[in-house]
Amino acid sequence: MNPIIHIEGVHKYFGDVHALRGVSLDVYKGEVIVIIGPSGSGKSTLLRCINRLEEFDRGTIVVDDIPLDTTENINAVRTEVGMVFQQFNLFPHLTVMNNIMLAQRIIRKRTPAEAQEKTIALLNKVGIPEKAECLPGQLSGGQQQRVAIARALAMDPKIMLFDEPTSALDPEMIQEVLDVMVTLAREGMTMVVVSHEMGFAQAAADRAILMDEGSIIEEATPEVLFSAPKHERTKAFLSKVL
């Protein structure tokens with residue numbers, strides 16, 4: 001079985017900073033991968049390279065058998081990959097309904113009725129159907145992030161990327177977003193998640209990966225990585241966060 005994401009020998013520089021140092025990783029359909037590690041370890045850069053929001057300097061990334069090597073291919077991959085960021089990036093002047101409908105209409109060419117039906121179903125899925133006519137500024141941070149997840153899901157992606165989706169939230173709002181992500185994982189969505197939420201990793205991840213200084217240091221099931229890490233760097237990091 002081919003991996004749905006194949007990353008091989010990827011390097012990325014920001015000036016003199018070697019942000020990714022020959023990273024290789026395969027992700028299989030339906031897998032949930034959680035990437036942990038200290039700030040500046042290359043986690044978010046790797047995630048952004050998967051849909052070419054960030055150009056990489058060397059190496060290969062193939063997503064759903066499409067290599068990220070031409071503009072046409074990059075655009076094809078982006079229609080199959082949903083991404084949720086730390087910041088919600090909602091259009092402040094549009095209602096929740098219109099935020100979620102917009103890309104469906106433009107990119108998926110759905111009729112207004114089709115897009116509206118899909119949007120209502122997704123708002124039910126993320127637990128905020130009553131917020132359809134609200135503006136983003138009328139929502140809590142957790143509610144805005146759930147709208148952002150619904151907006152990404154509206155495109156029927158094969159893969160979802162999450163870049164520290166709870167890091168901008170107040171503590172009491174974190175769980176409502178993680179609950180939605182756990183549901184997606186259990187439904188079989190392929191997910192790559194950069195997160196400091198070890199509880200989510202233990203509840204939903206098939207593999208946990210520790211990155212540091214642009215390299216993958218260790219990968220294992222969450223049970224093994226958190227309870228019996230092999231690498232000293234992993235032990236040192238986990239001793240600070242668990």
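Ratio of Rg to Rh for the range 28-72, alpha carbon only, Kirkwood?
Rounded to two decimals, Rg over Rh is 0.99.
Given the whole protein assembly as supplied and a 1.4 Å probe, what does the accessible area of Val77 come to in Å², nearest 10?
0
If we count every other residue with Cβ under 10 angstrom of Val32's Cβ, Lys/Arg +1 and Asp/Glu -1, where does the sum land?
Working: positive: Arg186, Arg207; negative: Glu31, Asp206.
Here the charged neighbours net out to 0.
List the lysines whose alpha-carbon lies under 25 Å from that of Lys125, not counting same-chain residues fewer than 8 positions away?
Lys29, Lys109, Lys158
Using a 10 angstrom cutoff on alpha carbons, build the Gaussian network for the chain and name the most mobile of Ile107, Ile149, Ile74.
Ile107
What's the magnitude of the charge dipole for the range 148-208 around its Cα centre, counting Lys and Arg as +1 and Asp and Glu as -1 at the beta-carbon? Answer in Debye, nearest 20.
I would put it at about 280 debye.
Going out from 0 in 5 Å bins, what whole percent of all Cα-Cα distances in the range 43-131 drops into each bin?
In whole percents, the pair-distance histogram is 3, 12, 18, 19, 16, 15, 11, 5, 1, 0.
Which percent of the accessible heavy-atom area of the range 1-64 goes to carbon and sulfur, probe 1.4 angstrom?
44
Could you work out the helix-only [θ] at 222 nm for the chain, with each DSSP H run of four or more residues adding -39,500 (n - 2.57) and the total divided by the number of residues, to the nearest 500 deg cm²/dmol? Don't jump to the answer; show the numbers that get you there.
Values: 9 runs with 95 residues, N = 242.
Theoretical 222 nm ellipticity from helices: -11500 deg cm²/dmol.
Which net charge results when you count Lys and Arg as +1 and Asp and Glu as -1 among the other residues whose beta-carbon is under 15 Å from that of Glu172?
Counting the neighbours of Glu172, the net charge comes to -3.
Leu242 to Asn2: extension gain in nm, 0.36 nm per residue of separation minus the Cα-Cα distance?
That pair, Leu242 and Asn2, stretches by 83.0 nm at full extension.
Among Glu187, Glu164, Glu219, determine the one that fluctuates most according to a GNM of the chain built with springs between C-alpha atoms less than 10 Å apart.
Glu187
Averaged per residue, what accessible area in Å² does the range 152-232 show with a 1.4 Å probe, protein chains only?
On the way: 3270 Å² over 81 residues.
Counting only protein heavy atoms, the per-residue value for the range 152-232 is 40 Å².
Rank Ser44, Ser195 by accessible area, highest first, at a 1.4 Å probe radius?
My answer, sorted largest first, is Ser44, Ser195.
Just report the Cα centroid separation between the range 112-127 and the range 1-51, whole Å.
A separation of 32 Å, based on Cα centres.
Taking the alpha-carbon distance from Lys131 and a cut-off under 22 Å, which lysines remain once sequence neighbours fewer than 8 residues away in the same chain are dropped?
Lys118
Considering just Cα atoms, how many Å³ per residue does the convex hull of the chain enclose?
Once divided by residue count, the hull of the chain is 133 Å³.
Quick one: grab Rg to one decimal and Dmax as a whole number for the range 128-242, Cα atoms only, in Å.
Using the Cα atoms of the range 128-242, the pair Rg, Dmax is 15.8, 51 Å.
Under 24 Å between alpha carbons, and skipping anything fewer than 8 positions from Lys230 in its own chain: which lysines qualify?
Lys43, Lys240
Using a/c under 1.5 as the rounded threshold, could you call the range 111-181 rounded, prolate or oblate? The axes a ≥ b ≥ c are square roots of the C-alpha gyration tensor eigenvalues, and prolate needs a/b larger than b/c, oblate otherwise.
Oblate shape, in that a/c is at least 1.5 and b/c is the bigger or equal ratio.
Given +1 on the Cβ of Lys and Arg, -1 on the Cβ of Asp and Glu, and no further charges, what dipole in debye does the chain carry about its Cα centre, rounded to the nearest 20? Don't jump to the answer; show the numbers that get you there.
On the way: 24 positive and 32 negative charges, 72 e Å.
Value, rounded to 20: 340 debye.
The values are calculated or read from the model by the stated rules, or taken from the named source; none is laboratory data. Note that the structure is predicted; figures quoted are calculated from it, not measured. We place every Cβ from the backbone using ideal geometry, glycine too, and count neighbours over all the protein chains shown. Calculation scope for accessible area: heavy atoms of the full protein, side chains included, ligands and nucleic acids excluded. Shrake-Rupley method; radii C 1.70, N 1.55, O 1.52, S 1.80 Å.
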